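In what follows, a structure is listed as structure tokens, so that the remarks can point back to it.
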């Protein structure tokens, strides 16, 4: 049985299809029920219609799994970050460089979300840190149920930093809480400086924005001050770090932020 | 298209309520969607029939009630209506506005048999 959600799914694989997985539990249960409905509804219609109050969030199932994950992380002192960005902003490179600096200070584990391939997990494993790839298939985001199973399968150690690299997408992952301590949005200077107002949901949901690839600023038309102003317009509380993951410029601001937040409060 | 995932969640919630509240069929689903939430009502409408096919809510009517976006300015404490997450305060022009309503995505109620 799963140690986080208790769903009875024992044979977890890296290729989780979380949302579909949930549905399959229900569908098995419901097929006979559906047959029953069809037998009766032709002559039952309009006889006993009634109003049922629901008042439930569309994401309530995901949020319940996320709450279980969060409790697990707290009990095991696992500091979890959900890294989000558009494809190509440099999340994996940021993680690889972070691991090089910090892996001797505390255990680190990584969950990689992509629609297809093991490529990102392979890049992380090459640093000597355990990584699990979730291929979401058609889904454009990770969800809390699949994340919980990945945590169990990966065997994340107590007092770890757990980095979850979400599917590259600035829209959908904003809604799906995974149980993380913070969402970190990565924006590279090769993108537009107006991304925070073009995709406001993600910047509203994030606690930290990393402006990456600052070494390329001389070659691109990216106004850092304007980008920061837009981000604060969407989210007055957002923290901001500007760095270059490949060149190492200001990288310690990020690793210091991690160490500070990871230490027991 | 996370609207499809959201609709699969809706379907799961309906199935749970069908067991708990003893109904077999859903003929109408009313959702409340905040103006500042990240879902597109048209995409929900588009996906609804597809996701509900062969379920207890097949052919159900979908009603989407929009909730206005509301925020409170941190500078002047006025309440303002918001069209986007980055609207400045209409009274003092400050961009430090905290959203208090409009991010909701809820199933409000159902008509069931």
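The values are calculated or read from the model by the stated rules, or taken from the named source; none is laboratory data. Not measured: the values here are computed from a predicted model. Note: ideal-geometry Cβ built from the backbone for every residue, glycine included; neighbour counts use all protein chains shown.
Observations, loosely collected:
- Residue A:129 in contact with a helix residue (DSSP H, G or I) (Cβ under 9 Å, 6 or more places away or on another chain), farther than 14 Å from residue A:79 by Cβ and away from chain B (no Cβ under 14 Å): yes
- Residues that are surrounded by fewer than 21 Cβ atoms within 10 Å (Cβ to Cβ) and within 11 Å of another protein chain (Cβ to nearest Cβ), drawn from region A:135-152: A:138, A:140
- Residue count for region A:185-208 under the criterion of being within 11 Å of residue A:240 (Cβ to Cβ) and away from every other protein chain (no Cβ under 14 Å): the result is 3.
- Checking each residue in region B:19-35 for being out of contact with any helix residue (DSSP H, G or I) (no Cβ under 8 Å at 6 or more places or on another chain) and on the phi < 0 side of the Ramachandran plot picks out B:19, B:20, B:21, B:27, B:28, B:30, B:32, B:34, B:35.
- The residue that is surrounded by the most Cβ atoms within 10 Å (Cβ to Cβ), counting only those in region B:1-25 that are touching a residue at least 12 places away in the same chain (Cβ under 8 Å), more than 7 Å from chain A (Cβ to nearest Cβ) and over 13 Å from residue B:109 (Cβ atoms), is B:7.
- Test result for residue A:63, surrounded by 13 or more Cβ atoms within 10 Å (Cβ to Cβ) and modelled with pLDDT of 80 or more: yes
- Look at (1) assigned to a helix (DSSP H, G or I); (2) farther than 20 Å from residue B:102 by Cα; (3) facing chain A (nearest Cβ under 10 Å) and you find that residue B:28 fails only one, number (1).
- Residue list for region B:70-113, restricted to those being free of Cβ contacts under 8 Å to residues at least 40 places away in the same chain and away from chain A (no Cβ under 12 Å): B:70, B:76, B:77, B:78, B:79, B:80, B:81, B:90, B:91, B:92, B:100
- For region A:112-130, the tally of residues that are buried (at least 24 other Cβ atoms within 10 Å of the Cβ) and over 19 Å from residue A:170 (Cβ atoms) stands at 1.
- Every residue from region A:167-184 that is within 14 Å of chain B (Cβ to nearest Cβ), in contact with a strand residue (DSSP E or B) (Cβ under 8 Å, 6 or more places away or on another chain) and modelled with pLDDT of 95 or more: A:178, A:183
- Residue within region B:37-44 that is assigned to a loop (DSSP other than H, G, I, E, B) and within 17 Å of residue A:56 (Cβ to Cβ) present: yes
- Some residue of region A:240-249 being surrounded by 21 or more Cβ atoms within 10 Å (Cβ to Cβ) and within 14 Å of chain B (Cβ to nearest Cβ): no
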